[in-house]
Amino acid sequence: MKADELVMIHCIFNRKIHGCMAYVHSFDKTNDLANVRLLKDAAGVTVPLHIEMTLHKRYLKQIDTQMDYRHVIDLALATNDREWFDELVGRERLESNNR
């Protein structure tokens, strides 16, 4: 697990977040803890609020797709998070240049 990945939350003891899609903002390898930002709820509806939490990696399943920055960039715009938006646009450009 590493930063900038999309993950699915598998946390059956917490039904509010179980099945949600999240973006890994940072990952602490020493403690296996990920700081994630919720993107979509279990029904696939975009989470309009800036909700972050720290979860152990055992509750996260990596989504096996290339990072689609457009969806996450839209969320950064919707939450008026300019710093996150700039960071994501820069990473998207870097990744597209490396292809």
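Read the figures in this text as sums done on the coordinates, not as results from a lab. Owing to the predicted nature of the structure, the values given are computational and were not obtained by experimental measurement. Cβ placement follows ideal geometry from the backbone for every residue including glycine, while neighbour counts extend to all protein chains displayed.
Calculate the FRET efficiency for residue 16 and residue 97 from the Cβ-Cβ distance with a Förster distance of 35 Å, rounded to the nearest 0.05. About 0.35, to the nearest 0.05. If you model the chain as an ellipsoid using its alpha carbon gyration tensor, with each semi-axis the square root of five times an eigenvalue, the axes come out at 21, 16, 12 Å, biggest first. Two numbers describe the Cα atoms of the stretch 28-67: Rg and Dmax, which are 11.6, 33 Å.
Pairs of lysines in the chain whose Cα atoms sit within less than 17 Å of one another amount to 8, provided the residues are eight or more positions apart or on different chains.
Listed values for the stretch 27-37 are Karplus-derived 3J(HN,Hα) couplings in whole Hz (6.51 cos²θ - 1.76 cosθ + 1.60, θ = phi - 60°), namely 9, 9, 5, 4, 10, 6, 10, 10, 8, 10, 10, and x replaces Gly and Pro. Helix 69-78 and the longest principal axis of the Cα set of the chain meet at an angle near 80°.
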